[in-house]
Structures are given as C-alpha cells and as structure tokens.
Amino acid sequence: MASMRDIKRRRISVQSTQQITKAMKLVSTVKLQKARGRAEDSKPYFDCMYKTMTSMLSKAGNIEHPYLKSNDSKKKAVVVVTSNRGLAGGYNSNIVKLITGSDLKKEDVRIYAVGEKGMDLLRHRGYEVVADYSEVIEEPVYDDARVIAARLLEDFEKGEIGEIYLAYTFFKNTVSHIPTLMKMLPVEASEEEAVQEEGADALDRITPMNFEPDEEEAITLLVPKYMSSILYGAFVEAVASENGARMQAMDSATSNAEEMIDDLELKYNRARQSAITQELTEIIAGAEALG
Amino acid sequence: MAEKFKLNIISPERSFYEGDCEFLEFVSTEGELGVYAKHIPLTTILEPCVMKIHSDGEEKKAAILGGFVEILKDKVTVLAENAEWPGDIDVARAHAAKKRAEDRLLAKKEGVDMVRAEAALKRAIARINTVD
C-alpha cells in the first residue's frame, strides 16, 4: 500500500490538473459560442453561393471550361483544416485519419496545410506539404480565404495539380462534428439537390437565367469567389468544431479527474485509519508487555 | 408608387441588408444597371461600386466591393465579398489606399501587379464615393 504522503501528493497533482482542464473548458465554451455565431452568420452566404453555383452549372451544362474538367496532372491538392493547438480530443487526428484512410494515393497528394497539428502529423507520415497557412485559422477572415483560393487556382492553371479537395470538420451542432472530405475543383454539378427543391424555388429554377457577361466568362469570374467562400465557410466551421471538440475533451477530463480525486481520497482515508489502528495496536502491545 | 421587390445583401461575415426595395442601382462588369421589380432573371458580376437602395422615397448608399447579383422576378440577392455602410468606412484610409494604388499604376514598374493595383483603386474610389 502506498504511503499516506504519496497518496496526498498524487491527489494534489490531480487536483491542479483538474483546475487547468476546468479553466480550459470554460475558455473553449466562450470561444465556441463566438465561433458558432460566426459560423451561423456566414452560413447564408455559403449556402447561397453553393446554390447559385450548382444551379448555374446545371443550366450551363455543355460549356467547355478549364475549371470544369480536370487537367492532365495526376497530383491532387488537399486543403487540410486543423487547429494550431492540441488538447481537443480526436479533432486533429480524425482529419488526418480521413486523409490516410481515403483512396487518395500518398504520392499524388500535395498538402496545403491550414493548422499546424494536421500539418505535422501528415508530414510525419510522409505526405508532401507544399504550403502552410496555419496562422489563418487563429482568426479566419475572408481575405485569407481569397489568398489561398488564388494560390490554388494558380497552381491548377499551371497544371501542377489536377484536382482540389478540402478536408475540414463540419460543425453539425455542439456535440457532433463531422470530418468531411469534399471535392472543390473541378466543380461538379450535383443534380440530386437541384431536384429536391420545391414550390417557389422550383418556379425560379425553371425560369431561364441570363448571364451578363456570358456563361463562360461568368464562370471564370465566379469560380474564384466560389472557392474563397467555400474555404471561408470551412474555416469558420472548423474553428467552431475545434472549440466544441476541446470543450468536450476538457469536460470529460474534468470529470475523470473528479473520479480520481474521489478514489484517492478514499485510499488516503483508509491509509490514515490503518496507520492509526497500527499505532494503537503497538501501544497496547507495549503496555501489555510492560504489565 | 413603384412595385417593391425583396432585396437581400449577404456578405461572408453577416447578412448585410434584408428588406423591400423599389429601385436598386449598381455597377456590373458590363456597365451601370438599375433594377425595378419584374426585371428579367439575370446573374451578373459586380464591380466595386456604390450600391443605391431606393425604398419608401429614401435612398440608402452602401459600398459593395466585389461579388455578384442574382436577379429574379420579385427577389434580388446580392452576394457581396465585402459590404460597408457609409458609417463603417474609414475615409482617411480609403484616400491613402487610393493614392497608393494610383502611384503604383503610374510607376508602371516591372513586377507590380497592375490588376491588383487597379482593383485596389476601384475599391478605394467606391468607398470614397459612398461617403460623399
């Protein structure tokens, strides 16, 4: 049995760890609320952009445009959105697992990292990291997304990369965050979603849409905006998910610490009682020997 | 009284404006455009410009810095990359940005990104015009 002093020391150490996890939980709760607000504010833009883009592509189906088909390069760019800090449970490793577990071949993948944790993990596994935008995720603003989108499109036009993917954590709600891998370019019109709309939207959908400038030029101008808005949307969702994941991780760490403290407290009291009992036995035995 | 249509201006950070509108003015890549209700369906790309929203005899101005517009029969959606009310604009900064962009365009040096300087100039001018 461990000595009373050892147990006491251990209990104090667990207690101070618990204080840290408690504080981190509070901090990430506040940050989560802020990040969730931002994610909700940017949602209409994100959705509207996606809707316009897909409806435009379904109407302009026969257009030949470099952005709409993949070029000869076999390389695939993956924008990996993770966090710069750890202690967020499985948040970062889930994204990494998503990439290693996907059917993208390691030698074809070029990583555009947003977030140090994911970058380090992937580099360690032998992935090629070509760009690092980790500071962006601290405080995502739309301009950063635009810069990254411009770089991606430039590499795409140069033929260095043939397809662009995005790996981020979708913020469904406070407790549920879904690691998602989506294809950004070439843009594919998803026909299922267009069919689902009903009522007033359906009426708007069948009205022929005019474009000014013509479709082809419009696509050239719209795709960069589409890319930046998707990236921005992914960043704000990822920040919300990160804080949600950290809040959960810290919550369970705090309650684990609570359990350990209770357990150690019990052990400590037992040790104390047995020390007292032993002392008493020794005194009585001594007194009897004398008498 | 002119017929009204619904106007939504959305920027990535927030829903910027939501309400009824009688007449809307802005500048697209193809030139200036005014929209009344029952306009033909049209999607067009915006230049950085002053957007004028006419509603109930009032005229509201806003700086719209890039984006695009989707016009439907009774609804107009503006997806702006950046939108600012006159009160949000830092005039001194806009003037400084205008000067910087002009210098860059005049210098015509190698390696200076003309397209970017021009875009910066357009944005600065749109901001200044919104306040005036």
Checklist entry - Which whole-Hz couplings ³J(HN,Hα) result when phi for each residue of the range A:41-52 is put into the Karplus expression 6.51 cos²θ - 1.76 cosθ + 1.60, θ = phi - 60°, listed in order with x for Gly and Pro? => result 5, 8, 4, x, 4, 4, 5, 5, 4, 5, 5, 4
Checklist entry - Considering only protein heavy atoms and a 1.4 Å probe, what is the carbon-and-sulfur percentage of the accessible area of the range A:37-248? => result 49 percent
Item to check | Highest-MSF residue in chain A out of A:213, A:66, A:44 [GNM, Cα springs under 10 Å] | outcome: A:213
Checklist entry - At a probe size of 1.4 Å, how large is the accessible area of residue A:36, to the nearest 10 Å²? => result 70 Å²
Checklist entry - Using the alpha carbon gyration tensor of chain A, what are the three equivalent-ellipsoid semi-axes (square root of 5 times each eigenvalue), largest first, in whole Å? => result 58, 21, 14
Next on the checklist: 5 Å is the cut-off here: which amide hydrogens, built 1.01 Å from N in the peptide plane, fall below it relative to residue B:39, excluding neighbours closer than 5 in sequence?
Outcome noted: none
Checklist entry - Between residue A:5 and residue A:105, what is the label-to-label distance in nm when each label sits 7 Å out along the Cα-to-Cβ direction? => result 6.4 nm
Item to check | Extended-chain gain in nm, criterion 0.36 nm per residue less alpha-carbon gap, residue A:216 and residue A:174 | outcome: 11.0 nm
Item to check | Accessible area per residue in Å² at 1.4 Å probe, computed on the range B:5-84 | outcome: 37 Å²
Item to check | Members of the range B:79-102 that become less accessible by 20 Å² or more once partner protein chains are added (1.4 angstrom probe, chain alone as reference) | outcome: B:79, B:81
Checklist entry - Counting DSSP beta bridges with both partners in the range A:37-248, what percentage is antiparallel, nearest 5? => result 35 percent
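Using the heavy atoms of the protein chains and a 1.4 angstrom probe, tell me the accessible area per residue for chain A in square angstrom.
Details: 15610 Å² over 291 residues.
Per-residue value: 54 Å².
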Checklist entry - For the pairing of chain A with chain B, what total accessible surface becomes buried, with a 1.4 angstrom probe, in square angstrom to the nearest 100? => result 2200 Å²
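In square nanometres, what is the average projected area of the Cα convex hull of chain B?
8.5 nm²
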Next on the checklist: Looking at chain A as a GNM with Cα springs under 10 Å, which of A:265, A:160, A:216 has the largest mean-square fluctuation?
Outcome noted: A:265
Item to check | Choice from A:85, A:246, A:270 with maximal GNM fluctuation in chain A (Cα, 10 Å cutoff) | outcome: A:270
Next on the checklist: Leaving out ligands, DNA and RNA, and with a 1.4 Å probe, what % of the accessible surface on the range B:89-131 is carbon or sulfur?
Outcome noted: 51 percent
Item to check | Cα centroid separation - the range B:2-39 against the range B:40-62, whole Å | outcome: 4 Å
Checklist entry - Hey, what's the range B:89-131 come to in accessible area per residue, 1.4 Å probe, Å²? => result 71 Å²
Next on the checklist: Output needed: percent of Cα pairs per 5 Å distance bin for the range A:49-180, bins running from 0 to the one holding the longest distance.
Outcome noted: 2, 9, 17, 20, 20, 16, 9, 5, 1, 0
Checklist entry - Rg(Cα) of the range B:48-88 divided by 2.2 N^0.38 Å? => result 1.21
Checklist outcome for this item: So for the range B:70-132, using the alpha carbon gyration tensor with a ≥ b ≥ c as root eigenvalues (a/c under 1.5 gives rounded; past that, a/b versus b/c decides prolate or oblate), I'd call it oblate
Checklist outcome for this item: The rounded separation in angstrom of the Cα centers of the range A:10-62 and the range A:217-291 is 23 Å
Item to check | In order through the range B:52-66: 3J(HN,Hα) via Karplus (6.51 cos²θ - 1.76 cosθ + 1.60), integer Hz, x for Gly, Pro | outcome: 10, 10, 9, 8, 6, x, 9, 10, 10, 10, 8, 8, 10, 10, x
Next on the checklist: Along the Cα→Cβ direction, 7 angstrom out, place labels at residue A:40 and residue B:30. What is the inter-label distance in nm?
Outcome noted: 3.9 nm
Checklist entry - In degrees between 0 and 90, to the nearest 10, how far off the longest principal axis of chain A does helix A:91-100 point, with axes built from Cα atoms? => result 50 degrees
Checklist outcome for this item: With the 8 Å Cα cutoff and a minimum separation of six or more residues, chain A has a relative contact order in percent of 32 percent
Item to check | Overall form of the range A:83-157 per C-alpha gyration tensor (a/c, 1.5; a/b vs b/c) | outcome: oblate
Checklist entry - 222 nm [θ] for chain B, helices only, -39500 (n - 2.57) per DSSP H run of 4+, per residue, to 500? => result -9000 deg cm²/dmol
Next on the checklist: Helix B:114-131 against the longest principal axis of chain B: what's the angle in degrees, Cα atoms only, rounded to the nearest 10?
Outcome noted: 50 degrees
Item to check | Computed E for residue B:2/residue A:47 - FRET, C-beta separation, R0 30 angstrom, nearest 0.05 | outcome: 0.50
Next on the checklist: At 222 nm, what value in deg cm²/dmol follows for chain A if DSSP H runs of at least 4 each add -39500 (n - 2.57) and the sum is divided by all its residues, to the nearest 500?
Outcome noted: -22000 deg cm²/dmol
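The values are calculated or read from the model by the stated rules, or taken from the named source; none is laboratory data. Keep in mind that what you see is a predicted model, and the values were worked out from it rather than measured. Glycine also receives a Cβ, built like all others from the backbone with ideal geometry; neighbour counts cover every protein chain displayed. Protein only, heavy atoms only, side chains kept; ligands, DNA and RNA dropped before computing areas. Shrake-Rupley method; radii C 1.70, N 1.55, O 1.52, S 1.80 Å.
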